[in-house]
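No lab work stands behind these numbers, since they all come straight from the coordinates. Nothing here was measured: the structure is a model prediction, and the numbers come from that model. Counting neighbours? That spans all protein chains shown, and the Cβs are built from the backbone with ideal geometry, glycine included.
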Amino acid sequence: MRAAARGRDVLFFQQVLNGLTIGCVYALVALGLTLVYGILRIPNFAHGALYTVGAYAAFALIGRLGANFWLALAGAAAVSAGLAVLSERLVFARLRAAPPLHDMIAAIALLLFFEAGVQAVFGAGFFRIAPLFPQILRFAGLTAPAQRILIVGAAFALMAGLHLFLDRTWTGATIVASAQNRTGAALVGIDADRVSMLTFAISGALAAVAAVLFAPIALLSPAMGELVITKAFVIIILGGMGSVAGAIAGGLVIGFAESFGAFYVSTDFKDIIAFGLLTLILSVRPQGLFGRIAR
Amino acid sequence: MLEVRGLTKRFGGLVAMRGVDAAFPPGKISAVIGPNGAGKTTFFNLVSGTYAPTAGRVLLGGRDVTGLRADAMARLGVARTFQATALFDGASVRDNLIIGHRLRTRATLWDALVGSRRLAAEERACRDKAEAVLDLVGLSRIGHRLAGGITQEERKRVAFALALATEPRILLADEPAGGVNPGETAGLAELMRRIVASGVTLCLIEHKMDMVMRLADHVVVLDHGERIAAGTPAEIRADPRVIESYLGVDAAGMPP
Amino acid sequence: ADGDTVRLGYTGPLSGGAALYGKNCLSGLQMAVAEINAAGGLAVGGKALKVELVVLDDRYSPPEAAVNAKRLVQQSGAPVVFTSHSGGALAIEAFNGDEGFLLGAYTSSPAVTERGDPLVLRIPPSFASYIAPFVAYEMKRFGGKLALAGGDHEYAKAWAALFGPAWTKHGGTIVADNPMSYNKDADFYSGVGKVLSAGPDVLFVGGASEPTGLVIRQAREQGFAGGFAIMDQAKIDEIAKVTDGLDMLDGAVGILPLAYDERPAAADFAARYRAMFKADAGSDAALNFTGFNVVAEAMRLAGTVTDARAIRAQAEAAAKALTPKQNPTALTGIDVRGGFLQAAPICAVEKGKIVPLDAAALGG
Amino acid sequence: MALAFVGALSALGLNLVAGYAGQLNLAHAGFVAIGAYTVGILTVDHGVPFWIAFALAGVVSAAAGAAVGLVSLRLRGDTFAIFTLCVGFILYLGIEKWDGLTRGVVGLMDIPAPPGIGPVSFATDRGQYYLALGVLAVGVWLMRRITASLVGRSFLAIRNGEALAQALGLNPMRTKLTAFVISTFYAGIAGALYAGQVRFLGPDIARETRTFDALIFAVVGGMGTLLGPVVGAVGMSWAIQALQGLQDYRMVVFGPLLVLCIMFFPAGIVGALEARFARRRAALAEKRLAEAAPVPGAAPRGSHA
Amino acid sequence: MLTLDEVCLDYGAFRALDRLSLAAAEGALVVLLGANGAGKSSIFRAVSGLHRLAAGRISLGGRDLAGVSPAGVVRAGLVHCPEGRMLFPAMTVEKNVRLGAYVHRRDRAGVKRGLDEVMAMFPVLAEKRHQPAGSLSGGQQQMVALGRALMGRPKVLLLDEPSLGLAPLVVRQMFDAVAAVNRRGTTVLLAEQNAHAALGIASHAYVVEGGRIVLDGPPDALRNDDRVRRAYLGG
Ligand SMILES: Nc1ncnc2c1ncn2[C@@H]1O[C@H](COP(=O)(O)OP(=O)(O)OP(=O)(O)O)[C@@H](O)[C@H]1O
Ligand SMILES: Nc1ncnc2c1ncn2[C@@H]1O[C@H](COP(=O)(O)OP(=O)(O)OP(=O)(O)O)[C@@H](O)[C@H]1O
Ligand SMILES: [Mg+2]
Ligand SMILES: [Mg+2]
């Protein structure tokens, strides 16, 4: 009897770890999405493609250039950030005067382009990035693949870093200020173009980091971004569009909902659970968990 | 005609309107004045159903209409213009006015699908109404222009026409002469007189004191969401509280 | 077919999540086309016709496959359309009889031939023949508790629907049934955890090879020590790339990877494939290769490249007439409904090695 | 091409709710799927005659639209759009997981072709083509009636300024809901046509990518114009087919083309043409007025543009 | 110091400024009077680069400002304290004020000194230093906006209706502060509807109507002008 209860606890904690892992990945992706949305009001559907590109960039750096994991991570972040900035300069900046719908269509077009581009370069096959820490940690009956611990640790470090960056640095403050009041920001001498580019760069880098951290326990495929981007959208409306805290909280909520849903209810229905949760929360709080009402 | 009792509105912690009583007699011109942020626009928003009051009552012709939404109020005959002179900028002036009369029509989707005779008649009625109000505000010649491309004064007139197209009993005008020069202001005042003469009760918010004083039969002064005075223009002009908080003949004077 | 060229069609996933699979299948067809043309073309009605394969992407979507098939028939005049997924095949079956073209369906799903479409060839072996030996091997080696953790796509569900009852009939019990989305999910940790919590001896797994590898990997990471019954969509050599070798696969049964197939025709095919594509051949390629050759041979025997019914009528004879070079998969015939009679060899992983199994000895 | 007409019909519906009423419903494909499955399930599992199922498809889809609209239309702007994206996902997942009703991932097969009416047969491709064309023509004609009427004007008023429209006595919720329901009715009929044409249904038709397709049709053709979606659907279907030859590189080319298209024709093809005609008409009217009643010095400030 | 020469500004088809010219000498406190919508804010938007000119020239100390971005204008020494305050509502008071020094961010000591000065000038802000700016009352928010603008070390300061929505007492404090800033050498351009108070501290005044200057002169001259009296002085 006691053993069974203990077994249940172990399983429970296992799910907590798992929810945390997925939640962290989602949160990192959602953070970039929400930053871009908060400042530029662009629902960037191409964000998922930046995630994909990041993973493939790291794969190429490791496989073809022999880079180590951390170098590949940095390289991937740079590649995705660069592409994000390019799409801002070449596409979104030119659509600033256009109706909002056009941003969305452009983002969809970019998504198609990047995804097809990845496939054209790397082919349609699955790839894997070897885990940095392939070990399995076992203690007190719990098993935890080290890579998962790494994901959680790195994600939280990154979120903390991002928070400090936004909160403590001048450059970070320009982003927060622009999100709260674009005109006000321009009037204290903040360069709106610079902030847009910076925001896109950060969002691309976050997506790439999430992808590279997660890649060793998942698979690379040209469509891999689709799996996370829709969740990321759920998360940012759940958390309140444009809210950084909301993206993190929303990411964890969806991560746990999926993990526990898959375990205690049915793996088949875990996505429905996540989306159902969203519908439920939004019908009670239309502005999301952390959203401000109106502008 | 229109009466409010103990009207109160809270936005979170901020009390934008506190226990305001006021009555607007039919066939007359009333004015609401007060400093920026006093709650004048909020007052209109409450009366027209844009906001629901936190407390208090709104009575229209003796009937309690508290909490009705804006569209219901419009159908009961309460029309308004907006401080920012909202128009459908992408449509022509005439199309703006046609939609303004939609609330007096009954055609449904079904009428549209089968192309019923009622729809045709009502569309004609809307067009006629549009021409009539255009004529009343003196803008027949710009009916075809895009509403986004006309002058500020014309916008103010179109806003009146739009409100009139709803066939209101009472018209609430938020700064109808804001942003137009004195010459044009006189023209607008003339227009307002004509509107009242056609049987519509008028209530306006205005900062242009000379115009208010000349035009209004009755003035309500708001400050910090409270009614600080009400009466004829002459009474208001002499009220020390109004002078202090609004009219600003600052006896103390400012440092040089 | 105009003048001296006969065009055949292919619709399959060439982009999206299943693109690799679609391309593998396509490569077998392309290889057959290349070899036929290199040998001077297809001799029909006294002429040597050049063969051309018209390829369209359907992103694994059945409706798009149907649309593509219509296009292939109407615009390219293809008398035969190949497709590599059961959804597409079923969608095309809705009208291929009316439109009079032959469907070359690369799917093990029995539903494709069960509905009596007279113009269909089902190229892969029926998976039914694998089930008994898989059950026997795993139950004997690991015990009677089975957890079903296969994919939630149509083909995997069809497998599970036969595998589960076979298992209980053999005296085992099913302790968990939790299909997972191999095509859409990135992480299976919770799903695997759920089935493991029921304490199974054997896991039934399978979807595309790489996600299957992930599922196996995560099962081992969570401490599972039992065996795996791997459905035939997943290939053990491809799985091994995800599990970093065969260690984690110990105790798995599945179909024998082509690279380990030592029968001469198969080995020869693998060598030719390598020369042409600079990559290892998989069984998807080999089976499609054979399938195409059957169709080509049937056209030759029927003396027509337009009359689908006549071509279909010669399929059985064509299958029997294939040379070993045309027939790396040891096709022996075609049943009345159009199902190919061939059985891929099966294997197990024991002590870090792939060992062929004798299906007959295990009761297959 | 028959499928392009189905796409046009679906885009026509999306255009009503998004282009005219200003509510971007990203669950649109879900409603197309509801229509398609209504036909599929009724004809295959319940032996309902095709044309009855066809009519019911629109009704069922519109009823689902009413239910979804009541909840989602309380949200505004981007939140509404993203929320409906999620609703679309739920519809898609619902179709995929509820195998008992929809056959799930296996798909629904053996849907009968639309039976002929009198001497006209729809079993052939040519028949299908004319059927789709016919339904589309009726759809455009009805859409024209709706958009040109007071009802259509109400939609535009809501899009252009909800607060002002409400102050003018329009009930925003009811107006938006009407647009939503008509739009989902069109989606349902498009789905029914699709079912009769492809005769096999899988959950994929509810995917968000299908909504994006319809959206792209409408935007490229001209959002908020009557014929824009039709022009867009036919044009883009043609373009996508024309690019099939590029195989893997299809979307690599298509993506940038799309971006250029919205950059240089922000109002869409039909929108650009209409603006051109409108300018010419306005200039003419202005000229006629000037000739008729020359008012000295009346050229108003601000009218120079 | 600052001159506008035949400036035109359009909102779509609507011409908000129509060949408008004005000048502010160094150290002057220039007041713009005008009704709602006369175009006062538009003048400021044109100067600070928030809105592109349709025609005309703007120069600051001899430097042409046409086509310079808002950030560039701030760096050139002109700070615009806008109508509606445009604060960062979720940021603390201190951060709002500090961000005003964005273009001088490398001068850490200077930023600190500026911050101390602002806090000393508005003691109530020092008290509320760590509260979100959005939670302050209107008058306090206006002080934050003014403090933030001063952190930009403006040579020319544009103040758009700083008394908007403020209680009379607060209005007075505000005008005291503006006068003090001006005394320390900053050229100030002040848009006001509160004509009495504004004329009290001005060195020169312009009357704006319908996007044009209709009248200008020293405060006393305007006070005695009939039209101004009627329209802006309520009598
Ligand atoms: N929707 C709202 N949410 C929160 N606060 C509001 C809202 N609307 C108005 N307020 C607040 O209510 C108060 C009164 O505002 P209101 O717009 O009624 O003033 P007003 O008298 O019309 O001023 P003005 O003359 O400048 O137009 C202000 O402090 C304003 O900030
Ligand atoms: N973004 C805009 N789009 C269109 N018209 C505008 C815009 N901003 C201002 N206007 C119009 O331009 C004119 C001048 O506006 P401006 O804001 O400069 O006036 P103002 O003198 O500052 O008035 P206020 O006292 O209300 O602040 C007004 O008629 C206004 O309606
Ligand atoms: Mg107001
Ligand atoms: Mg202003």
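May I ask you to list, by number, the DSSP H helices of chain A whose Cα span along the axis is at least 18 Å and whose average Kyte-Doolittle hydropathy reaches 0.0 or more?
A:2-40, A:47-65, A:69-90, A:100-122, A:146-168, A:192-214, A:224-239, A:244-260, A:270-284
Along each principal axis of its Cα atoms, how long is chain A end to end? Whole angstroms, biggest number first, please.
Projected onto its principal axes, the Cα set of chain A covers 67, 50, 36 Å.
Percentage of Cα-Cα pair distances in chain D greater than 37 Å, rounded to whole percent?
20
With 18 Å as the cut-off, how large is the P(r) tail for segment E:86-153, expressed as percent of Cα-Cα pairs?
Counting every Cα pair in segment E:86-153, those more than 18 Å apart make up 25 percent.
How high is the FRET efficiency from A:Val16 to B:Ala234, r the C-beta distance, R0 51 Å, rounded to 0.05?
For A:Val16 and B:Ala234, the calculated efficiency is 0.10.
Find the percent of Cα-Cα distances in segment E:1-151 that exceed 20 Å, and round it to a whole number.
Of all Cα-Cα distances in segment E:1-151, 54 percent exceed 20 Å.
How much net charge surrounds B:Cys126 when only other residues with a Cβ under 9 Å from its Cβ are counted (Lys, Arg +1; Asp, Glu -1)?
Around B:Cys126, the surrounding residues sum to +3.
How big, on average over all directions, is the shadow cast by the Cα convex hull of segment B:90-166, in nm²?
The Cα convex hull of segment B:90-166, projected and averaged over all directions, gives 4.9 nm².
At 0.36 nm per residue, minus the direct Cα-Cα distance, what do C:Ala48 and C:Arg263 gain on full extension? Give it in nm, one decimal, please.
Residue separation times 0.36 nm, minus the Cα-Cα distance, leaves 74.2 nm.
With viscosity set to 0.890 mPa s and temperature to 25 °C, compute the Stokes-Einstein D of segment A:1-154, Rh being the Kirkwood radius across alpha carbon pairs; µm²/s, no decimals.
The Stokes-Einstein estimate is 136 µm²/s.
Return the average number of partner chain Cβ atoms within 10 angstrom of each residue Cβ along peptide A:11-17.
Counting other chains' Cβ atoms within 10 Å and averaging over A:11-17 gives 2.
Find the Rg to Rh ratio for segment B:13-52, where Rh is the Kirkwood radius over alpha-carbon pairs and Rg uses the same atoms.
0.97
Write down Rg/Rh for segment D:118-186, rounded to two decimals, with Rg from the C-alpha atoms and Rh from the Kirkwood relation over Cα pairs.
Answer for segment D:118-186: 1.22.
At what distance in nm do the modelled label points of D:Glu286 and D:Arg76 sit from each other, each positioned 7 Å from its Cα along Cα→Cβ?
About 3.4 nm, to one decimal.
For segment C:32-87, which semi-axes, largest first and in whole Å, follow from the square roots of 5 times the eigenvalues of its Cα gyration tensor?
Value: 26, 12, 8 Å, ordered largest first.
Please report the net charge: other residues with Cβ closer than 12 Å to the Cβ of A:Val195, K and R +1, D and E -1.
After counting each charged neighbour, the total is -1.
Could you give me D for segment D:1-160, from Stokes-Einstein at 20 °C and 1.002 mPa s, where the hydrodynamic radius is the Kirkwood radius over C-alpha pairs? Units µm² s⁻¹, please.
For the chosen part, D equals 125 µm²/s.
Could you check the spin-label model distance between C:Thr173 and A:Ala245? Points 7 Å from the Cα along Cα→Cβ, value in nm.
The two pseudo-label positions are separated by 5.1 nm.
Per residue of A:206-218, how many C-beta atoms from partner chains lie within 10 Å of its own C-beta, taken as a mean?
1
Over the Cα atoms of segment C:302-354, how large are the radius of gyration and the largest Cα-Cα distance (Dmax), in Å?
15.9, 53
If r is the Cβ-Cβ distance from D:Ala67 to A:Leu280 and R0 is 22 Å, what FRET efficiency results, to the nearest 0.05?
0.90
Return, ordered by residue number, the residues of segment E:69-92 whose backbone nitrogen is under 17 Å from a label point located 7 Å along Cα→Cβ of A:Asp167.
The answer is E:90-92, whose backbone nitrogens lie closer than 17 Å to the label point.
Mean shadow of segment C:221-356, computed from the convex hull of its alpha carbons, in nm²?
9.8
Ranking C:Tyr182, E:Tyr11 by Cβ neighbours within 10 Å, fewest first, what do you get?
Fewest-to-most Cβ neighbours within 10 Å comes out as E:Tyr11, C:Tyr182.
Would you list the membrane-span-like helices of chain D, meaning whole DSSP H runs whose alpha-carbon atoms span at least 27 Å along their axis and whose mean Kyte-Doolittle value is at least -0.5?
D:50-72, D:77-97, D:125-148, D:172-198, D:268-292
Once both axes come from the Cα atoms, what is the angle between helix C:62-76 and the longest principal axis of chain C, in degrees from 0 to 90, rounded to 10?
Taking the Cα atoms of chain C, the angle to C:62-76 is about 20 degrees.
Please work out how much length the chain gains when fully extended from B:Ala121 to B:Ala23, using 0.36 nm per residue of separation minus the C-alpha to C-alpha distance, in nm with one decimal.
The span from B:Ala121 to B:Ala23 would gain 31.5 nm if fully extended.
Averaged over its residues, how many other protein chain Cβ atoms are within 10 Å of peptide C:180-188's Cβ atoms?
Whole-number average of other-chain Cβ neighbours for C:180-188 is 6.
For the pair C:Arg115/B:Glu226, report the inter-label distance in nm, with labels modelled 7 Å from Cα in the Cβ direction.
Using points 7 Å along Cα→Cβ, the separation is 8.0 nm.
Would you please give the FRET efficiency between E:Ala126 and A:Arg41, computed as 1/(1 + (r/R0)^6) with r the Cβ-Cβ distance and R0 = 41 Å, to the nearest 0.05?
That pair, E:Ala126 with A:Arg41, gives E of 0.70.
Place a point 7 Å from the Cα of A:Asp193 along the Cα-to-Cβ direction; which residues of segment E:39-80 have their backbone N under 13 Å from it?
Residues E:67-72 qualify, since their backbone N sits under 13 Å from the label point.
Taking the C-alpha atoms of chain B, how large are the radius of gyration and the largest Cα-Cα span, Dmax, in Å?
When restricted to the Cα atoms of chain B, Rg and Dmax are 19.2, 74 Å.
Take each of the peptides C:103-113, D:69-79, C:126-136, average the number of other beta-carbon atoms within 10 Å over its residues, and list them starting from the highest.
Per-residue mean Cβ counts within 10 Å order the peptides as C:103-113, C:126-136, D:69-79.
Starting with the highest mean, order D:190-196, D:89-95, C:29-35 by the number of other Cβ atoms within 10 Å, averaged over the residues of each peptide.
The most tightly packed comes first, giving D:190-196, D:89-95, C:29-35.
Given the alpha-carbon gyration tensor of the protein assembly as shown, what are the semi-axes of its equivalent ellipsoid in whole angstrom, ordered largest first, with each equal to the square root of 5 times an eigenvalue?
Equivalent ellipsoid of the protein assembly as shown: 68, 37, 28 Å, largest first.
Give the peptides C:208-221, D:214-227, B:108-121 in descending order of average Cβ contacts within 10 Å, highest first.
Final packing ranking: D:214-227, C:208-221, B:108-121.
For segment A:161-254, what ratio Rg/Rh do Cα atoms give with a Kirkwood hydrodynamic radius?
1.03
Once the piece of chain linking E:Cys8 and E:Arg52 is laid out straight, how much longer is it, given 0.36 nm per residue of separation minus the C-alpha distance between them?
14.9 nm
Cα-based Rg (one decimal) and Dmax (whole number) for chain C, in Å?
So, for chain C, Rg and Dmax equal 20.3, 66 Å respectively.
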